[in-house]
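The values are calculated or read from the model by the stated rules, or taken from the named source; none is laboratory data. Note that the structure is predicted; figures quoted are calculated from it, not measured. Virtual Cβ from ideal backbone geometry, glycine too; neighbours counted across all protein chains shown. For accessibility, only protein heavy atoms count, side chains too; no ligands or nucleic acids. Shrake-Rupley method; radii C 1.70, N 1.55, O 1.52, S 1.80 Å.
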Amino acid sequence: MSRDPTPATDVTIRAAESRDREPIRELLAELGYPLDATTLAGRMDQLAAEPSFLAFVALREGVAVGFASLHVLHLIERPPLGRLSAIVVTASERRGRVGLALVEHVERVARVEGCDRLEVTSGDWREDAHAFYRDLGFEETSKRFIKDL
């Protein structure tokens with residue numbers, strides 16, 4: 001199913017701030033990543049100190065309905081790579097173009113940061129997300145290997 005290529009125009013996207021922590025925590029829980037407030041605050045404080053990390057919230061009528069984060073990875077072999085490290089839209093807003101608006105915002109910021117590509121990883125079970133990424137022009141190009149430490 002092809003999605004409407006027009007981003008939501010009644011949504012505002014801005015840099016995430018400390019006041020957004022609780023809505024971000026709720027959004028991440030919807031995605032299957034429950035965190036207590038203290039853990040999230042610690043992680044967000046640590047990431048805020050990283051110049052290569054940027055986080056954004058999508059707001060509709062002042063209410064957070066989406067969240068995305070970008071990591072700019074500086075590589076030795078080519079220009080920086082942008083990694084869409086998190087994206088979530090609240091269930092009631094999915095398929096309402098909020099995700100598209102977030103991805104387009106992240107793409108613009110990644111270009112400004114010198115990135116020539118944007119990557120996203122997604123769990124094998126997230127088939128709806130895979131279709132969304134394909135509709136936006138992402139291609140499945142590699143495998144990811146992880147080892148617990």
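If a/c stays under 1.5 just call it rounded; otherwise compare a/b with b/c (prolate if a/b is bigger, oblate if not). Do that for region 35-123, with a ≥ b ≥ c from the square roots of the Cα gyration tensor eigenvalues. Since a/c reaches 1.5 but b/c is at least a/b, the shape of region 35-123 is classed as oblate. Computed over the Cα atoms of region 68-111, the ratio of the radius of gyration to the Kirkwood radius (Rg/Rh) comes to 1.09. When the helices of the chain are scored as -39500 (n - 2.57) per DSSP H run of n ≥ 4 and the total is divided over every residue, the value at 222 nm lands at -9500 deg cm²/dmol.
What translational diffusion coefficient, to the nearest whole µm²/s, does the chain have by Stokes-Einstein, given a Kirkwood radius computed over alpha-carbon pairs, a temperature of 37 °C and 0.692 mPa s viscosity? Stokes-Einstein gives a translational diffusion coefficient of 204 µm²/s. Taking Lys and Arg as +1 and Asp and Glu as -1, the other residues whose beta-carbon sits under 12 Å from that of R60 total -2. Think of a 1.4 Å ball rolled over the protein heavy atoms: the chain then has 65 Å² of accessible area per residue. Rolling a 1.4 Å probe over the protein heavy atoms of the chain, with every protein chain left in place, gives an accessible area that is 51 percent carbon and sulfur. Of the DSSP beta bridges with both residues in the chain, give the percent that are antiparallel, rounding to the nearest 5. Around 85 percent antiparallel, to the nearest 5.
Amide H contacts of E119 (H built 1.01 Å from N, in plane; Pro and chain starts excluded): G82, R83, L84 sit under 5 Å, all sequence-distant by 5 or more or on other chains.
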